[in-house]
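Notes follow once the structure below has been shown.
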Amino acid sequence: MKRGIQLLIVALASAGLVFSGCDKPAEEPATTEEAAPEEPTEEEAAPEEEAAEEEAAEVNEDMYVNAAFEVTCVNAQIEDPARATEIKNEIYPRYGFTEESFNAAQEQMAERESVKMAIETRMEKCTAELAESLAEAGAAEGEEAAGEEAPAEEGAAAKKAPAKPMPAKTGSMNGNFGGGGFEGASIRMMVRPDFKVSGQVRGNREGAAFAIPFSGEVSTDGNISATGERDGNTVNVSGKLTASGAAGKIEGSVHQRDYSVNYNAN
């Protein structure tokens, strides 16, 4: 009897050890999804895009013309690409540009007639010496830095200062002319607020093309006086500037023959 009780106790103890050794199934940890980074809404992105567009739109024509002339002169006269890049990197910031912003401005401004004419006229002064000097010079020789203005006077003296005189008309003017054996002849003229005038006479004579740039001044009472020369061809432009345009006489020599014709540009 006692032996049977001992066997029962051993059996129960063994069963308890077996049951206690069973592990409970591990609970799977709850997975959490990471929130995806929020992308800017159209409303948030719009101000940045508008600011970029506004910045690209604000290009000062005079500043661009000065920069474009100097860059064009360097490209035309400096054969060493490394030296040309070095000089142009001095030119860009001089007129408020980076290389990238200058290229963007070029896409916007390069096709304007007033811009093309101004650069073409100034290129008459472009030499290798001038191109090299642009690494240090503020503005091209003989040209004022566009956009620079004297500091405004303060106080009562500034209020009493007389209004600055202006030409009767400023900007670009174009006209055609005939006679003198010319074919398809035209004149382009640009008058600046500082009374400087520049432009070009071009066309064909006896089947041969010609193009003569000119530059000069307009007096305060509107009298035009400008001259130019290229490849032995000459031009002398005179006349009167009014609010409706310019009219007068063009004289000179083309292909070794003198001429004198009238023009009207507006």
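The values are calculated or read from the model by the stated rules, or taken from the named source; none is laboratory data. This structure is a prediction, so every number in the text was calculated from the model and none was measured. Cβ sites come from the backbone with ideal geometry, for glycine too, and all protein chains shown count toward neighbours. Surface accessibility is based on the protein's heavy atoms, side chains included, excluding ligands, DNA and RNA. Shrake-Rupley method; radii C 1.70, N 1.55, O 1.52, S 1.80 Å.
Points worth noting:
- Unique residue being farther than 25 Å from ASP258 by Cβ, assigned by the TED database to the domain that holds GLU90 and at pLDDT below 95 when the list is GLU129, GLU149, GLU144: GLU129
- Scanning region 180-191 turns up at least one residue that is farther than 22 Å from THR242 by Cβ and either under 22 Å from the mean Cα position of the chain (by Cα) or assigned to a loop (DSSP other than H, G, I, E, B) (or both).
- Being open to solvent by less than 40 Å² (accessible area, probe 1.4 Å), closer than 28 Å to LYS164 by Cα, small (Gly, Ala, Ser) and in a strand (DSSP E or B) holds for only one residue in GLY203, GLY228, GLY199, GLY252, and it is GLY199.
- Tabulated pairs, region 91-103, first modelled with pLDDT under 90, second open to solvent by 70 Å² or more (accessible area, probe 1.4 Å) and outside any helix (DSSP H, G or I), C-beta under 8 angstrom, 6+ apart or interchain: TYR92/THR98; GLY96/ASN60
Yes or no, residue by residue, for (1) more than 15 Å from the chain's Cα centre (by Cα); (2) open to solvent by 10 Å² or more (accessible area, probe 1.4 Å):
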{"position": "ASN75", "(1), (2)": "yes, yes"}
{"position": "GLU79", "(1), (2)": "yes, yes"}
{"position": "ALA82", "(1), (2)": "yes, yes"}
{"position": "ILE91", "(1), (2)": "no, no"}
{"position": "GLN108", "(1), (2)": "no, yes"}
